[in-house]
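Written out below as structure tokens is the structure these notes cover.
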Amino acid sequence: MQKVKVFMYFPPEKTDKPITYRLVKDYGLMFNILQAQIQPNKKGRLMAELEGTAENIEKGLQYLEEQGVEYRIFNKNIIWHEEKCVHCGACTAVCPSRALNMNGDEWTLTFDHSQCLMCELCVKACPLNAMDVNIFI
Amino acid sequence: MAKSFDEINSKIKDGEVVVVTAEEFKDLVEQKGVSQAAKEVDVVTTATFSPMCSSGAFLNFGHSDPPIRMSKIWLNDVPAYGGLAAVDTYIGATELSETRGFEYGGAQVIQDLLDGKRVELRAESYGTDCYPRKEITTYITLDDLNQAYLYNPRNVYQNYNAATNSTDRMLHTYMGTLLPQCGNVTYCTSGELSPLFNDPVFRTIGIGTRIFLGGAQGYVAWEGTQYIRNQEVIRDGVVQYSGATLAVIGDMKNMSSRFIRAASFEKYGTTLFVGIGIPIPVLDEDMASFLAVRNRDIYTQIVDYGVPRRSRPVLRKVSYEELRSGSVELNGKNVPTAPLSSLRKAREIAQLLKSLISQGKFFLQEPIQKLHEEGRFNPLKETEVE
Ligand code: SF4
Ligand code: SF4
């Protein structure tokens, strides 16, 4: 099983179609929507994490292309250098998705990668230099 | 029954002392009441781990041969003060590197020294008959230095403003990244665990108080700069607004980067996270009631950092309980809050100090002199240049 994060841009006439449903149904992909901006008759934008076998992910993306949906796969992720972290919480002030969160009574930072929108705000906000962008090809 | 510093110290010596952290003490008071808690407990440990800009270290390098009266000094390209005796200097946490800008400064030099790293020392001089040498470039480590002590003119804020930003652009401040249109609120104290919320009238903390400073045993040296003490700060025995501060001193050679950490705030500059623990003796019931204070009883004010003036507008008063809840109400909206001071690290320090005292490795020192009972923070008067 593999995970990829993709940004999809739907042309206005496509936003009504159950494209995401087909990805789940026909290709057995787990589909986790991170951010969505879809309104009828307007260009839509969807950021999601897809999980499935490498083969099915590839087929699913091919299907998107056939449907006229542009997409972009993220080639970076955010790394949390835990050994540098002092659990101050400064990064949680800017994280829009709550991927970075102070865990309950312990006041310990937790990082849920799957919720990360790759906005990179935390990289600059962390005074200890504990958040980094990792680019892969 | 009242207890004295001396009585508590003999208990520490005999291994009979009862020590709890401030958070544990407050729970105990809620269960058993103030008078029982005052009887049972001898010492309460408080702590903070926050960015404190007014921090730095005095260093002495020893003499080279031939000797030099260093008048301009750089440590890893960070300027250090050259206006002391020949080979003395002060390196301040916020001084920035001349080559690496915001990412490296005096705070990072201090951390590198604590981590045992080699630091480049470069100095220049005009040369004198007694100190003929005019320049030197060499390397130093913490072990090589004759003296290295942290002397922080302003640490341990009694209380501090919470920050927000009403403008339409993101602001990068020493209070962290503030999102536009009051999109977040940041705050920077450990609340009910923080030392000066627990002894708001300075009965037990004064000049000479022994403290935990960055891993070493240090002392309160003086009142801190911008020390504020007056009727408005404390009402009904509870701290309301920004108040007193402490100047602290301690031997860097016994410190560790576990409790002293260099930091760099985006578009602001460098600063030092300083870990401080202060033990407070439970002298009597009055002291116990101060120590019982909870986050719901202590307040600060949310200040708009979008207004770049000395007096920034106060948007509202807020309790630490509300700040800690994760969001506060501001202009009818629910705004997320975030801390900048590490409560987890402060707790680690409070626990460590507790075990040092229980094991007879840390004794209390009664203040040799009280701090001023009045303190005012006057603005700078700008006088027209003639
Ligand atoms: S801002 Fe940096 S040091 Fe602070 S909690 Fe976040 S990752 Fe850790
Ligand atoms: S990149 Fe953005 S979304 Fe991801 S953790 Fe950092 S602040 Fe949160």
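Out of everything in the stretch B:112-167 that is in a strand (DSSP E or B) and polar (S, T, N, Q), what residue ends up being farthest from B:I73 (Cα to Cα)?
Residues of the stretch B:112-167 in a strand (DSSP E or B): B:119-124, B:132, B:135-140, B:147-155, B:162-164.
Filter once more, so that each one left must be polar (S, T, N, Q): B:137-138, B:147, B:152, B:155, B:164.
Values: B:T137: 10, B:T138: 12, B:Q147: 17, B:N152: 20, B:N155: 26, B:T164: 38 Å.
Checked the stretch B:112-167; the qualifying residue farthest from B:I73 (Cα to Cα) is B:T164.
Table: residues versus (1) within 16 Å of ligand 2 (Cβ to nearest atom); (2) within 14 Å of another protein chain (Cβ to nearest Cβ); (3) farther than 19 Å from B:L178 by Cβ; (4) touching a residue at least 12 places away in the same chain (Cβ under 8 Å).
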site	(1), (2), (3), (4)
B:P313	no, no, no, no
B:R316	no, no, no, yes
B:E321	no, yes, yes, yes
B:V328	no, yes, no, yes
B:V335	no, yes, no, yes
B:A338	yes, yes, no, yes
B:L343	no, yes, yes, yes
B:I349	no, yes, yes, yes
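Residues of the stretch A:52-78 being assigned to a loop (DSSP other than H, G, I, E, B) and either of a type in the set (A, V, I, L, M) or within 14 Å of another protein chain (Cβ to nearest Cβ) (or both), which ones?
Just the residues of the stretch A:52-78 that are assigned to a loop (DSSP other than H, G, I, E, B), to begin with: A:53, A:67-69, A:74-75.
The answer is A:V69, and nothing else.
Specify the residue that is nearest to the other protein chains (Cβ to nearest Cβ); the eligible residues are those in the stretch B:241-271 that are of a type in the set (G, A, S) and more than 24 Å from B:N60 (Cβ to Cβ).
Of all residues in the stretch B:241-271, those of a type in the set (G, A, S) come to B:242-244, B:247, B:250, B:256-257, B:262-264, B:269.
This time we only want the ones that are more than 24 Å from B:N60 (Cβ to Cβ), so: B:242-244, B:263-264, B:269.
Working: B:S242: 20, B:G243: 22, B:A244: 23, B:A263: 4, B:S264: 6, B:G269: 10 Å.
Only one residue fits best here, namely B:A263.
Hey, among A:L50, A:L121, A:L64, A:L46, which residue is within 30 Å of B:T189 (Cβ to Cβ) and out of contact with any His (no Cβ under 8 Å at 6 or more places or on another chain)? First the steps, then the outcome.
Details: A:L50 fails: within 30 Å of B:T189 (Cβ to Cβ); A:L64 fails: within 30 Å of B:T189 (Cβ to Cβ); A:L46 fails: within 30 Å of B:T189 (Cβ to Cβ).
Unique residue meeting the criteria: A:L121.
Can you go through A:M47, A:M102 and tell me which one is touching a strand residue (DSSP E or B) at 6+ places or on another chain (Cβ under 8 Å) and in the same structural domain as A:I19 (by TED's automatic domain parsing)? Before you say what the answer is, go through the steps one by one.
On the way: A:M102 fails: in the same structural domain as A:I19 (by TED's automatic domain parsing).
Answer to the selection: A:M47.
Sort out for me the strands (runs of 3 or more DSSP E) sitting completely within the stretch B:254-320 that have 2 or more residues that are buried (at least 21 other Cβ atoms within 10 Å of the Cβ). Even if it seems obvious, please write down each step before you answer.
Numbers: elements: B:260-265, B:269-281, B:299-304, B:314-319.
Answer list for the stretch B:254-320: B:260-265, B:269-281, B:299-304.
Between A:I19, A:I57, which is over 30 Å from B:M52 (Cβ atoms), within 17 Å of the chain's Cα centre (by Cα) and not assigned by TED's automatic domain parsing to the domain that holds A:C119?
Numbers: A:I19 fails: within 17 Å of the chain's Cα centre (by Cα).
Among A:I19, A:I57, only A:I57 is over 30 Å from B:M52 (Cβ atoms), within 17 Å of the chain's Cα centre (by Cα) and not assigned by TED's automatic domain parsing to the domain that holds A:C119.
Which condition breaks for A:A99 when tested against (1) within 10 Å of chain B (Cβ to nearest Cβ); (2) among the small types (G, A, S); (3) touching a helix residue (DSSP H, G or I) at 6+ places or on another chain (Cβ under 6 Å)?
(1)
Here's the yes/no breakdown for (1) farther than 24 Å from A:C119 by Cα; (2) surrounded by 13 or more Cβ atoms within 10 Å (Cβ to Cβ); (3) of a type in the set (A, V, I, L, M, F, W, C):
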residue: A:M1; (1), (2), (3): yes, no, yes
residue: A:V4; (1), (2), (3): no, yes, yes
residue: A:E13; (1), (2), (3): yes, no, no
residue: A:Y21; (1), (2), (3): yes, no, no
residue: A:V24; (1), (2), (3): yes, yes, yes
residue: A:L29; (1), (2), (3): yes, yes, yes
residue: A:R45; (1), (2), (3): no, yes, no
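Checking A:E106 against (1) surrounded by fewer than 16 Cβ atoms within 10 Å (Cβ to Cβ); (2) more than 9 Å from chain B (Cβ to nearest Cβ), only one condition comes out false. Which one?
(2)
The values are calculated or read from the model by the stated rules, or taken from the named source; none is laboratory data. Small disclaimer: the values here were computed from a predicted structure and weren't measured. Methodologically, a virtual Cβ is constructed for each residue, glycine included, from the backbone with ideal geometry; neighbour enumeration extends over all protein chains shown.
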